[in-house]
Amino acid sequence: MTTGVRRRMGVEERKQQLIGVALELFSHRSPDEVSIDEIAAAAGISRPLVYHYFPGKQSLYEAALRRAADELAARFVEPPRGPLGARLLRVMGRFFDFVDEHGPGFAALMRGGPAVGSSTTNAMIDEVRQAAYEQILAHLEVGEPSARLELVVRSWVSLAESTALLWLDGRRVPRAELELQLVHDFAALAAVSAAYDPGMAEVLVGILADEPADGPFGDLVARLLALVPAPGPAPEALPAVPDQRGR
């Protein structure tokens, strides 16, 4: 008869286990609602041992947040091949995968969770936004963005974030529709800015040059054209009025 022997974890391995356990619990409930006792029980260790590796819940929360932030930022990485609309749609699919898998944890990450106002937490959130911003610029192949292009991209990143947070509150709009809508939102933001700025117009022309008619941006054009009323029949010509001499 053999007996199971529990393998002793090294310090770093144990820390990573606790981070993973905490992140899993935070993915289902707000970090405010998860206790150290629950984390210890899920990890199969005692409460004092958790404090041996992390000074308190705040430090463990920040470590879990760090892992979540790195994973979320990686969701925006996409090979620069093919039309931009299709690339952005794949990015949005991975982004919403993360949101779907880590609902409360995602909300805590973007809203600050129990560490709201913490400089460490705020810095991590800013890193995620900056990584997303830089990835979009890389897709556009722009090294030094103009003020208007920076406004468009940062506004879109913020829109994706707020849309995901609102979606989590009841999931009242089908996820696939929101993913496509956010890609359309990017095109719309770029188009409005292009109407005011020749540089943005050049960027937009470059984007649309490689877009197929059946791609996400082509789909947006088709949807907008469907909203335009069909022209009515031309008015009938009025009969000529004879002059006083009957002509």
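The values are calculated or read from the model by the stated rules, or taken from the named source; none is laboratory data. All values derive from a computational prediction rather than experimental measurement. Neighbour counts are summed over all protein chains in view; Cβ atoms, including those assigned to glycine, are modelled from backbone coordinates with ideal geometry. Surface areas here come from the heavy atoms of the whole protein model, side chains and all, with no ligands, DNA or RNA. Shrake-Rupley method; radii C 1.70, N 1.55, O 1.52, S 1.80 Å.
Things worth noting here:
- Residues satisfying the stated conditions in the stretch 71-90, i.e. of a type in the set (A, V, I, L, M, F, W, C), open to solvent by less than 50 Å² (accessible area, probe 1.4 Å) and within 13 Å of Gln181 (Cα to Cα): Ala86, Leu88
- Being free of Cβ contacts under 8 Å to residues at least 60 places away in the same chain, among the acidic types (Asp, Glu) and either open to solvent by less than 60 Å² (accessible area, probe 1.4 Å) or closer than 26 Å to Glu24 by Cβ (or both) is a property that Asp214 lacks.
- Residues of the stretch 196-211 satisfying the condition of being open to solvent by 100 Å² or more (accessible area, probe 1.4 Å), under 15 Å from Leu84 (Cβ atoms) and not in a helix (DSSP H, G or I): Asp210
- So Phe96, is it at pLDDT 90 or above and among the aromatic types (Phe, Trp, Tyr): yes
- Evaluation of Gly170 against (1) in a helix (DSSP H, G or I); (2) open to solvent by 30 Å² or more (accessible area, probe 1.4 Å) (one fails), failing number: (1)
- Any hit, the stretch 135-144, residues being aliphatic (A, V, I, L, M), open to solvent by less than 20 Å² (accessible area, probe 1.4 Å) and modelled with pLDDT of 90 or more: yes
- Residue check for Glu177: modelled with pLDDT of 95 or more and charged (D, E, K, R): yes
- Residues that are over 29 Å from Leu166 (Cβ atoms) number at least 3 in the following helices (runs of 4 or more DSSP H) confined to the stretch 1-111: 11-26, 36-43, 47-53.
- Residues satisfying the stated conditions in the stretch 173-195, i.e. assigned to a helix (DSSP H, G or I), free of Cβ contacts under 8 Å to residues at least 24 places away in the same chain and over 17 Å from Val91 (Cβ atoms): Ala191, Val192, Ala194
Condition check ((1) surrounded by 18 or more Cβ atoms within 10 Å (Cβ to Cβ); (2) at pLDDT 90 or above) across all residues:
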{"position": "Ser59", "(1), (2)": "no, no"}
{"position": "Arg66", "(1), (2)": "no, no"}
{"position": "Ala69", "(1), (2)": "yes, no"}
{"position": "Val116", "(1), (2)": "no, no"}
{"position": "Ala132", "(1), (2)": "yes, yes"}
{"position": "Val152", "(1), (2)": "yes, yes"}
{"position": "Trp156", "(1), (2)": "yes, yes"}
